[in-house]
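The values are calculated or read from the model by the stated rules, or taken from the named source; none is laboratory data. None of the values given here were measured: they were computed from a predicted structure. Because the Cβ atoms are built from the backbone with ideal geometry, glycine has one as well, and the counts that use them run over all protein chains shown.
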Ligand SMILES: Cc1cc2nc3c(=O)[nH]c(=O)nc-3n(C[C@H](O)[C@H](O)[C@H](O)COP(=O)(O)OP(=O)(O)OC[C@H]3O[C@@H](n4cnc5c(N)ncnc54)[C@H](O)[C@@H]3O)c2cc1C
Ligand code: FES
């Protein structure tokens, strides 16, 4: 998550929690303080456990802080995809799961009387050529979901669209912060290692031993089990908040990289332009602003931010046992940008598994499942990851720090070494190791969010190399000394040659 979302700007002050110092024990440890981890901690505590939740930074500072928070079963092309890969009954089961997740969130808001702008709203999924809208409508009809195929006046023009009534929108931060906390929370407490045999997670200044561990870090952080590095891909989206714009429904372009719009108190969010993390062209916010101006006229942009999520190959999240051999470690990941209702499903499912209760969605969400028709996507992702891992090691840049624009970043040659270098607008340089601390793919500069992103599995770092997103559990090694030497050299040099180091 980079830049502040409209929810974060409108509700800047959440309660602060201490950092973990020392060794503690709990019945259940939840790693990750996004919506998935928080709801899971809430439900595990409700079922009678002593729960500790540890968050690497601040609660809801990850993807949850940057969501567009539609609580909906109307999720792009998921139903035709599932009908094709797994049949009508699996697609219907997925729909039932979403309904259950929606009901869970709504009843929590009602039970605790939470003021979070929760409102019912119609949702439209449109496609410019109409084909995808027809496919979605046909699949939803096949599984018995009541929707309408209509010609709609969408904000981007008239288009064939599938309309579903009674979807919901809310303010996720106001909702989550108002849920009563029945568990211990530690912020600024990053888990750097999990010993699955000892069921202990180690942090910088302490450890947590627990009977069960839930990994809800968006991208799972235990690489030794589960093969998640091959089974999910990171996808980033960009969003802007257009102040004063109005809309009476939510609109989603059926194309994966199309636009998504929803109203909020005070305006409309316009987002989309999904792409694999680390492969952006640096023009996303410009493109969103231009699109918003065409739809709503020139208006003030109240916030702009980017966030990423993990995508599975069949579109269904992985929720359940981390791997077949690890029964006391659970995983929640792969929401594919549909994590609101799905987080409630996941929290309930993990709690049921831990309590030994049957859950109707266990098989559908099982991380151990195999689905037909997903092998091609698996191979393509594995090939891309391999290319990032090998290509980065073979790449040796020839250009030096002079080639970097002020305010920009680039992987360059600095004192004979490959470094990722950010140049402040005043010319100061910050050099970090160019290879991602996770599995050492080469980092890429994201000019939109001004971050160093890893296209391999989506770890992100700020311009100075501080860790922002998993799966890495470490920040980048910095090379402040090299950058300082570079500055001194630059001052001495009268020669303006490009090969300056
Ligand atoms: C732009 C965008 C729009 C979206 N819109 C919608 C929508 O309209 N409707 C919908 O249903 N879904 C939507 N989603 C998806 C939804 O927002 C996400 O699926 C959901 O927020 C993910 O929650 P999470 O708890 O899994 O992850 P996060 O919110 O990222 O939480 C994970 C937490 O784990 C912490 N962490 C990571 N590593 C460690 C560690 N080693 N130790 C301790 N803590 C750690 C992180 O700091 C982070 O806070 C959208 C997603 C995006 C990107
Ligand atoms: S190598 Fe895995 S995130 Fe960078």
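Considering the conditions (1) surrounded by 14 or more Cβ atoms within 10 Å (Cβ to Cβ); (2) touching a residue at least 40 places away in the same chain (Cβ under 8 Å); (3) in a loop (DSSP other than H, G, I, E, B), residue 343 is excluded by exactly one of them, (3).
One line per residue, one yes/no per condition, for (1) assigned by TED's automatic domain parsing to the domain that holds residue 214; (2) within 16 Å of ligand 2 (Cβ to nearest atom); (3) out of contact with any strand residue (DSSP E or B) (no Cβ under 9 Å at 6 or more places or on another chain):
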{"position": "266", "(1), (2), (3)": "no, no, no"}
{"position": "290", "(1), (2), (3)": "no, no, yes"}
{"position": "295", "(1), (2), (3)": "no, no, no"}
{"position": "306", "(1), (2), (3)": "no, no, no"}
{"position": "310", "(1), (2), (3)": "no, yes, no"}
{"position": "334", "(1), (2), (3)": "yes, yes, no"}
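Screening residue 218 with (1) without any contact (Cβ under 8 Å) to a residue 12 or more places away in the chain; (2) assigned to a loop (DSSP other than H, G, I, E, B) gives one miss only, at (1). With respect to the conditions (1) out of contact with any strand residue (DSSP E or B) (no Cβ under 7 Å at 6 or more places or on another chain); (2) over 19 Å from residue 346 (Cβ atoms), residue 43 falls short on a single one, namely (2).
Looking at this structure, is residue 402 surrounded by fewer than 24 Cβ atoms within 10 Å (Cβ to Cβ), touching a residue at least 60 places away in the same chain (Cβ under 8 Å) and within 16 Å of ligand 1 (Cβ to nearest atom)? Spelling it out, it is not the case that residue 402 is surrounded by fewer than 24 Cβ atoms within 10 Å (Cβ to Cβ), touching a residue at least 60 places away in the same chain (Cβ under 8 Å) and within 16 Å of ligand 1 (Cβ to nearest atom). For segment 354-377, what are the residues that are surrounded by 14 or more Cβ atoms within 10 Å (Cβ to Cβ) and in a helix (DSSP H, G or I)? Passing the criteria: 354, 362, 364, 365, 377.
Taking the criterion of being modelled with pLDDT of 95 or more, out of contact with any helix residue (DSSP H, G or I) (no Cβ under 7 Å at 6 or more places or on another chain), outside the structural domain of residue 333 (by TED's automatic domain parsing) and away from ligand 2 (no atom under 16 Å from the Cβ), would at least one residue in segment 230-238 satisfy it? Scanning segment 230-238 turns up at least one residue that is modelled with pLDDT of 95 or more, out of contact with any helix residue (DSSP H, G or I) (no Cβ under 7 Å at 6 or more places or on another chain), outside the structural domain of residue 333 (by TED's automatic domain parsing) and away from ligand 2 (no atom under 16 Å from the Cβ).
Here's the yes/no breakdown for (1) within 14 Å of ligand 1 (Cβ to nearest atom); (2) outside the structural domain of residue 13 (by TED's automatic domain parsing); (3) crowded, with 18+ Cβ neighbours inside 10 Å:
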| position | (1), (2), (3) |
| --- | --- |
| 178 | no, no, no |
| 182 | no, no, no |
| 187 | yes, no, yes |
| 194 | yes, no, yes |
| 209 | no, no, no |
| 212 | no, no, yes |
| 216 | yes, no, yes |
| 221 | yes, no, yes |
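Residue count for segment 201-241, restricted to those that are closer than 28 Å to residue 27 by Cβ and under 17 Å from the mean Cα position of the chain (by Cα): 8. The strands (runs of 3 or more DSSP E) found entirely in segment 422-465 that carry 1 or more residues being away from ligand 1 (no atom under 16 Å from the Cβ) are 429-433, 444-446, 451-453. Among the residues of segment 263-313, those identified as at negative phi and in a loop (DSSP other than H, G, I, E, B) are 265, 277, 279, 280, 281, 283, 298, 299, 300, 312, 313.
Considering segment 314-329, and only residues there that are in a strand (DSSP E or B) and within 16 Å of ligand 1 (Cβ to nearest atom), the residue that is surrounded by the fewest Cβ atoms within 10 Å (Cβ to Cβ) turns out to be 329.
Answer yes or no as to whether residue 328 is within 16 Å of ligand 2 (Cβ to nearest atom) and touching a strand residue (DSSP E or B) at 6+ places or on another chain (Cβ under 9 Å). Before the answer, list the steps.
On the way: within 16 Å of ligand 2 (Cβ to nearest atom): no; touching a strand residue (DSSP E or B) at 6+ places or on another chain (Cβ under 9 Å): yes.
No; evaluated as a whole, the condition is false for this residue.
Is it true that some residue in segment 242-250 is closer than 21 Å to residue 77 by Cα and more than 18 Å from the chain's Cα centre (by Cα)? Yes. Quick check: is even one residue across segment 255-275 touching a residue at least 60 places away in the same chain (Cβ under 8 Å) and over 30 Å from residue 166 (Cα atoms)? Checked segment 255-275: no residue is touching a residue at least 60 places away in the same chain (Cβ under 8 Å) and over 30 Å from residue 166 (Cα atoms). Filtered by the rule that a residue be surrounded by fewer than 22 Cβ atoms within 10 Å (Cβ to Cβ) and assigned to a helix (DSSP H, G or I), segment 125-138 gives 131, 132, 134, 135, 138. Residues of segment 155-170 being out of contact with any helix residue (DSSP H, G or I) (no Cβ under 9 Å at 6 or more places or on another chain) and buried (at least 17 other Cβ atoms within 10 Å of the Cβ), which ones? The answer is 163, 169. Taken over segment 466-479, the criterion of being under 17 Å from residue 333 (Cβ atoms) and in a loop (DSSP other than H, G, I, E, B) is satisfied by 470, 471, 472, 473.
Applying the condition of being part of a loop (DSSP other than H, G, I, E, B) and within 16 Å of ligand 2 (Cβ to nearest atom) to segment 56-108 and asking which residue is nearest to residue 119 (Cα to Cα) yields 62.
Whether a residue is more than 13 Å from ligand 1 (Cβ to nearest atom), surrounded by fewer than 21 Cβ atoms within 10 Å (Cβ to Cβ) and over 27 Å from residue 166 (Cα atoms) was assessed, and residue 84 does not pass this test. Would you call residue 290 away from ligand 1 (no atom under 15 Å from the Cβ) and surrounded by 19 or more Cβ atoms within 10 Å (Cβ to Cβ)? No, not satisfied.
Residue count for segment 139-154, restricted to those that are in contact (Cβ under 8 Å) with a residue 40 or more places away in the chain, part of a loop (DSSP other than H, G, I, E, B) and either at positive phi or exposed (fewer than 15 other Cβ atoms within 10 Å of the Cβ) (or both): 1.
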